[in-house]
1. Check which residues have an amide H placed less than 5 Å from Leu104's amide H, if you skip close sequence neighbours.
2. Return the sequence-ordered ³J(HN,Hα) values of the stretch 106-111 in whole Hz as given by the Karplus equation 6.51 cos²θ - 1.76 cosθ + 1.60 applied to θ = phi - 60°, using x for Gly and Pro.
3. How much net charge surrounds Leu102 when only other residues with a Cβ under 14 Å from its Cβ are counted (Lys, Arg +1; Asp, Glu -1)?
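Every read-out reported here was derived from the displayed coordinates using simple, explicitly stated rules and does not represent laboratory data. Computed from a prediction, not measured in an experiment: that's the story for all the values here. With ideal geometry, Cβ positions are generated from the backbone for all residues, glycine too; neighbour counts draw on all protein chains shown.
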Amino acid sequence: MAKLDHMLNNLHNWGRNRFDNIPKRIKELQSQLNSLYPTSADKGVMKLIAIMEKDLEEMLECEELWWNQCARALWLRHGDKNTSYFHLKANQRRNRNKISSLMLDNGRRSENVEDIHNCFINHFANIFSSSNPSHFEAIVDVVKDRISNSMI
């Protein structure tokens, strides 16, 4: 048991040293690079900047990998909970948006699906139809004057 505890402590320390210092190391590298950029274009300084930029890129990749692993672990742990939550919300919204009863044209309330369906069809048919078109011949005459035989 002591060996297992010792190994656990070593792994814990390794992980803390490897990953906990990443954000701190990134900030250090960025501040060092910002202080080196305005300096002279000395060959040695340029080489140091290139090395530090490479280190910074590696640290940023390491940090991104760490965040991806954390996100995946959270998704695996809570994925089903989130899925059931979103299904529940979708069903609640569907039930809330459902028209269960409607006041018909004759003033009677109906819960019958066919009555509701027919009421909507009649309503929109009345809105988008005209019972007595006015000046229909005048409109047709204007359209005829605008269209020549060669266009037809």
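1. Close amide H contacts, sequence-distant or interchain: Arg109, Ser110.
2. For the stretch 106-111, the Karplus-derived couplings read 7, x, 8, 8, 10, 10 Hz, x marking Gly and Pro.
3. Numbers: positive: Lys98, Arg108, Arg109; negative: Asp105, Glu111, Glu114, Asp115.
With Lys, Arg at +1 and Asp, Glu at -1, the neighbours total -1.
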